[in-house]
Amino acid sequence: MKVSFQALCLVVYAVVRLLPSQPAVLFRPIRRWVARGFLDSVGNDVNIERKAWFWQKGEGVRIGDWSGVGVRASIGPYRSE
């Protein structure tokens with residue numbers, strides 16, 4: 001059975017988002033790699049904190065170099081209430 005890259009990222013992401021913040025040298029690159037499976041572009045040295053959430057494929061979403069996505073941040077479609 002062939003599994004798509006995005007499906008693999010979704011499974012890995014479910015675990016990766018709960019990894020601790022430290023040691024950053026180990027966990028930041030893993031979160032960045034998984035984010036590349038969801039977003040159009042992820043720049044160099046991007047910091048994605050634990051529990052950040054990507055709701056769906058981030059078409060049109062790019063995170064630039066040296067940017068950050070904070071704890072419990074949500075990236076996905078805008079929903080007006």
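Computed values, structure above
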| read-out | value |
| --- | --- |
| Label-point gap, in nm, between Asp45 and Ser67 - each point 7 angstrom along Cα→Cβ | 1.6 |
| Cβ-based net charge around Ala14, under 14 Å, with every Lys or Arg adding one and every Asp or Glu removing one | +4 |
| By average C-beta atoms within 10 angstrom, highest first, the peptides 40-49, 14-23 | 40-49, 14-23 |
| Most to least packed among 60-70, 29-39 [average Cβ atoms within 10 Å] | 29-39, 60-70 |
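Where a number appears in this text, it was derived from the coordinates with a stated rule and is not lab data. In this text the structure is predicted, and so the values were computed from the model without any measurement. Here Cβ is always computed from backbone atoms with ideal geometry, including for glycine, and neighbour counts include all displayed protein chains.
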